[in-house]
1. Tally time: how many residues in the range 144-156 are in a loop (DSSP other than H, G, I, E, B) and in contact (Cβ under 8 Å) with a residue 60 or more places away in the chain?
2. Out of the range 96-115, which residues are among the hydrophobic types (A, V, I, L, M, F, W, C) and assigned to a strand (DSSP E or B)?
3. I want to confirm something. Restricting to the range 116-143 and keeping residues that are part of a helix (DSSP H, G or I) and in contact with an Asp or Glu (Cβ under 6 Å, 6 or more places away or on another chain), which single residue is surrounded by the most Cβ atoms within 10 Å (Cβ to Cβ)?
4. Go through the range 94-121 and report how many residues are under 24 Å from GLY144 (Cβ atoms) and either hydrophobic (A, V, I, L, M, F, W, C) or in contact with a Phe, Trp or Tyr (Cβ under 8 Å, 6 or more places away or on another chain) (or both).
5. Determine whether the range 165-179 contains at least one residue that is modelled with pLDDT under 95, farther than 19 Å from GLN225 by Cα and either touching a Cys at 6+ places or on another chain (Cβ under 8 Å) or assigned to a loop (DSSP other than H, G, I, E, B) (or both).
6. Kindly evaluate PRO160 against the criterion of being at pLDDT below 95, assigned to a loop (DSSP other than H, G, I, E, B) and farther than 23 Å from ARG45 by Cβ.
7. Considering the range 96-154 alone, what residues qualify as being farther than 22 Å from ALA219 by Cα and in contact with a Gly (Cβ under 7 Å, 6 or more places away or on another chain)?
8. Within the range 158-191, which residues are crowded, with 16+ Cβ neighbours inside 10 Å, out of contact with any helix residue (DSSP H, G or I) (no Cβ under 7 Å at 6 or more places or on another chain) and under 14 Å from LEU120 (Cβ atoms)?
Amino acid sequence: MGFETIEALARSLGREAVTKNRSVVCVQGLGFVGSAMAVALADARDAQGNPYFNVVGVELPTAEGLAKVEAINAGRLPIASADVRLQAAMTRASTVGNLLATTDSSVYALASVTTVDIHLDVSSKDGRPSVDFSGFRAAIRTLGSSMRPGSLVVVETTTPPGTCEHVVVPELERALGERGLPIDSILVAHAYERVMPGTEYLDSIINFWRVYSGHTPEAADACDQFLSKVINVKDFP
């Protein structure tokens, strides 16, 4: 379909137009990590109490994905949670209107940051660990085909060592090359998720230390600035 603005996406979902002077952050994958991260991002506030971001959760157009999208757009958590703070943050995001969800991957073009929260299974094959990267690679290629130059990809998925260097960056480079863009025009960082479902689900994201690294110094700086708006860096530097 394609959306030129976040307001156009909101209108297509039957929602009131969101405040446009906020950065757009997309969350790729709305499982138990991505859903909670999307809510945490939507609940992030500046010193004046204003939301930092307009957040868009993106799922595949499967029955499960569509159900998650429908739940978020109706103001409901798409996952079961005993955390009252996470529930309250979801309600605030729905009231403010800065958390949307869609299956339309063209929205990545609106994002200044996309977090990758795709589930990646490690299995055993002939007694040795094995990972099927096919779905993960396709997800990264989608970002490279849509995201604008200067934007940041933050991989939160728990991945084997070397995944960003040998999978993420090459897939982005190929997609960017096909668009005639410099192969380093999208920044890449890794900040593996620390989400712990339970009664402190939200706190496990915003009130906990986070390790991150960037493919380049510029990417590391961009990731630091981004995460510092979400995480309580005063108490968890």
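The values are calculated or read from the model by the stated rules, or taken from the named source; none is laboratory data. Because the structure is a prediction, the values reported are computed rather than measured. Because the Cβ atoms are built from the backbone with ideal geometry, glycine has one as well, and the counts that use them run over all protein chains shown.
1. Pass one, the range 144-156, residues in a loop (DSSP other than H, G, I, E, B): 147-151, 156.
Checking which are in contact (Cβ under 8 Å) with a residue 60 or more places away in the chain leaves us with 156.
Counting residues in the range 144-156 that are in a loop (DSSP other than H, G, I, E, B) and in contact (Cβ under 8 Å) with a residue 60 or more places away in the chain gives 1.
2. Of the range 96-115, the ones among the hydrophobic types (A, V, I, L, M, F, W, C) are 96, 99-101, 107, 109-111, 113.
Hits for the range 96-115 are LEU99, LEU100, ALA101, VAL113.
3. Pass one, the range 116-143, residues part of a helix (DSSP H, G or I): 134-143.
This time we only want the ones that are in contact with an Asp or Glu (Cβ under 6 Å, 6 or more places away or on another chain), so: 137, 140-141.
Working: ARG137: 15, ILE140: 27, ARG141: 15.
Only one residue tops the list, namely ILE140.
4. Pass one, the range 94-121, residues under 24 Å from GLY144 (Cβ atoms): 100-121.
From what is left, the residues that are either hydrophobic (A, V, I, L, M, F, W, C) or in contact with a Phe, Trp or Tyr (Cβ under 8 Å, 6 or more places away or on another chain) (or both) are 100-101, 104, 106-107, 109-111, 113-114, 116, 118, 120.
Matching residues across the range 94-121 total 13.
5. Within the range 165-179, the first condition is being modelled with pLDDT under 95, and the residues that meet it are none.
No, because not a single residue in the range 165-179 is modelled with pLDDT under 95, farther than 19 Å from GLN225 by Cα and either touching a Cys at 6+ places or on another chain (Cβ under 8 Å) or assigned to a loop (DSSP other than H, G, I, E, B) (or both).
6. Details: at pLDDT below 95: yes; assigned to a loop (DSSP other than H, G, I, E, B): yes; farther than 23 Å from ARG45 by Cβ: yes.
Spelling it out, PRO160 is indeed at pLDDT below 95, assigned to a loop (DSSP other than H, G, I, E, B) and farther than 23 Å from ARG45 by Cβ.
7. Of everything in the range 96-154, those that are farther than 22 Å from ALA219 by Cα and in contact with a Gly (Cβ under 7 Å, 6 or more places away or on another chain) turn out to be ALA101, THR103, SER106, HIS119.
8. Matches in the range 158-191: THR159, THR163, CYS164.
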